[in-house]
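Reviewing the structure listed below.
The values are calculated or read from the model by the stated rules, or taken from the named source; none is laboratory data. Nothing here was measured: the structure is a model prediction, and the numbers come from that model. Glycine also receives a Cβ, built like all others from the backbone with ideal geometry; neighbour counts cover every protein chain displayed. Surface areas here come from the heavy atoms of the whole protein model, side chains and all, with no ligands, DNA or RNA. Shrake-Rupley method; radii C 1.70, N 1.55, O 1.52, S 1.80 Å.
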Amino acid sequence: MPFPGPPAESRLQRMLQTAWAAVVDLVYPRLCSVCRIPLPQETPRSGAQAWFCRSCEESLPLVEPPYCKVCGEVYDGAFTNEFRCMNCSGRKLEFEFAVAACRAEEAMRELIHQFKYDRRLHLRGALATLMLRVLEEPRLARENLADWLLVPVPLHRSRELDREFNQSWELCQRLSQLTGIPAAKALVRVRATETQANLDRDERLRNLRGAFALPKPRPWQRPTDLQGRRILLVDDVFTTGATTSECARILRREGGVEKVVVITAARG
């Protein structure tokens, strides 16, 4: 099993939860996260079926091979071996590789937008469930992920206060609940940065220098021991990799982390 799994529950707990869920479904029917039609009462309460109707689940733009072994960029065509795309060639990235659950297209793009900007926090469950696919990627599936740590890409305090939450931390917490892999806020964003969208690659890297740091623990807090740890760096969308690479650089050079793998809900 690639990860420890959620905490065990007693038979009585499961029976009570099932009964309560049935009552709630009668009063507040579950809706498909994409098209908003009611889901049948017999719909499973776990897996993608718990969040999407069959039609919408089948229409999700899943990330499937072939894709770049470094950044996860999806390509059409037939590739018999692992390959590194031109965007990654000659470029030093501080993480081992990045993988995403879906392409940031169509329904997935709308889900991300609603979660991130419309404050529909319940969608973290749907997105985190889709991200479980990432943990089945062959390079992660052979790891003992119980020994890894989920770490969110941090927001600057001003941005987080404005948004009222950090979408990456919300995904981290839900993934931790689903898998049993521990999660920790092992990075902070100490400098607000210019929006990356209109910057080229070199400008993005310069823009991010000095933006992240390890948190300074309060006197009553026990700092997270990162030395030799393996990290699953979590974000909602992977685009150029500039932000996640800078986060990985700080984790490795200042925290002593052994390995960083980036996992995201979507690949832009």
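For the peptides 54-60, 181-187, 70-76, what is the packing order when you average, over each peptide's residues, the other Cβ atoms within 10 Å and list the highest mean first? Before the final figure, lay out each step's value.
Working: 54-60: 14.6, 181-187: 19.9, 70-76: 17.9.
So the order, starting with the most tightly packed, is 181-187, 70-76, 54-60.
Can you tell me which of Cys53, Cys247, Cys172 moves the most in a GNM of the chain? Springs connect C-alpha atoms under 10 Å apart. Maximum among the listed residues: Cys53.
For segment 43-105, report the translational diffusion coefficient in µm²/s to the nearest whole number, using Stokes-Einstein at 4 °C, 1.567 mPa s, and a Kirkwood Rh over Cα pairs.
94 µm²/s
Based on DSSP H runs of at least 4 residues, each adding -39500 (n - 2.57), what is the mean residue ellipticity at 222 nm of the chain after dividing by all its residues, to the nearest 500 deg cm²/dmol? Taken over the chain, the calculation gives -9500 deg cm²/dmol.
Using Stokes-Einstein with the Kirkwood hydrodynamic radius over Cα pairs, what translational diffusion coefficient do you get for segment 27-66 at 4 °C and a viscosity of 1.567 mPa s, in µm²/s rounded to a whole number? The Stokes-Einstein estimate is 119 µm²/s.
Taking a ≥ b ≥ c as the square roots of the eigenvalues of the Cα gyration tensor, segment 48-154 is prolate, since a/c reaches 1.5 or more and a/b is larger than b/c. Please determine, in degrees from 0 to 90 and to the nearest 10, the orientation of helix 11-27 with respect to the longest principal axis defined by the Cα atoms of the chain, where the helix direction is its Cα long axis. Roughly 80 degrees, rounded to the nearest 10.
As I understand it, the dipole of the chain uses +1 on the Cβ of Lys and Arg and -1 on the Cβ of Asp and Glu, about the Cα centre. Which of Ser168, Leu135, Thr239 lies farthest toward its positive end? The listed residue farthest towards the positive side: Ser168.
Stick to the Cα atoms of segment 157-268, pair each with every other, and give me the Kirkwood hydrodynamic radius in Å at one decimal. Write down the numbers at each step before the final one.
Numbers: mean 1/r = 0.0663 Å⁻¹.
That comes to 15.1 Å for segment 157-268.
Segment 217-249 and segment 67-104 have Cα centres separated by 21 Å.
Arranged from highest to lowest average of other beta-carbon atoms within 10 Å per residue, in what order do the peptides 118-130, 86-98 appear?
Ranked from most to least packed, the peptides come out as 118-130, 86-98.
Placing +1 on the Cβ of every Lys and Arg and -1 on the Cβ of every Asp and Glu, with no other charges, gives the chain a dipole of roughly 880 debye about its Cα centre. One equal scatterer on each Cα of segment 118-184, no solvent, Debye formula: the resulting log10 I(q)/I(0) at q = 0.15, 0.19 Å⁻¹ is -0.52, -0.78.
Taking one quarter of the surface of the convex hull spanned by the alpha-carbon atoms of the chain gives a direction-averaged projected area of 16.4 nm². Compared with the dominant Cα axis of the chain, that is its longest principal axis, helix 106-117 is turned about 80°. In the chain, taking the dipole from charged Cβ atoms about the Cα centre, the farthest positive-side position among Val70, Leu60, Ala104 is held by Val70.
Ignoring ligands, DNA and RNA, please state the percent of accessible area on the chain from carbon and sulfur, probe 1.4 Å.
Answer for the chain: carbon and sulfur cover 50 percent of the accessible area.
Assuming charge only on the beta carbon of Lys and Arg (+1) and of Asp and Glu (-1), the dipole of segment 44-186 about its Cα centre is about 380 debye to the nearest 20. Using only the alpha-carbon atoms, how far is helix 242-253 inclined from the longest principal axis of the chain? Give it as 0 to 90 degrees, nearest 10. Result, in degrees: 70.
Annotation: per residue accessible area for the chain equals 55 Å², rounded to a whole number [probe 1.4 Å, protein chains only].
Which of rounded, prolate, oblate describes segment 102-231, given a ≥ b ≥ c as roots of the alpha-carbon gyration tensor eigenvalues and a/c under 1.5 marking rounded, otherwise prolate only if a/b is larger than b/c?
Rounded, because the longest to shortest axis ratio a/c is under 1.5.
Only lysine pairs 8 or more places apart, or on different chains, with alpha-carbon atoms under 20 angstrom apart are counted in the chain, and they number 6. When the charge dipole of the chain is built from unit charges on Cβ atoms (+1 for Lys and Arg, -1 for Asp and Glu) and taken about the Cα centre, the candidate among Ser46, Leu214, Val34 whose Cα reaches farthest toward its positive end is Leu214.
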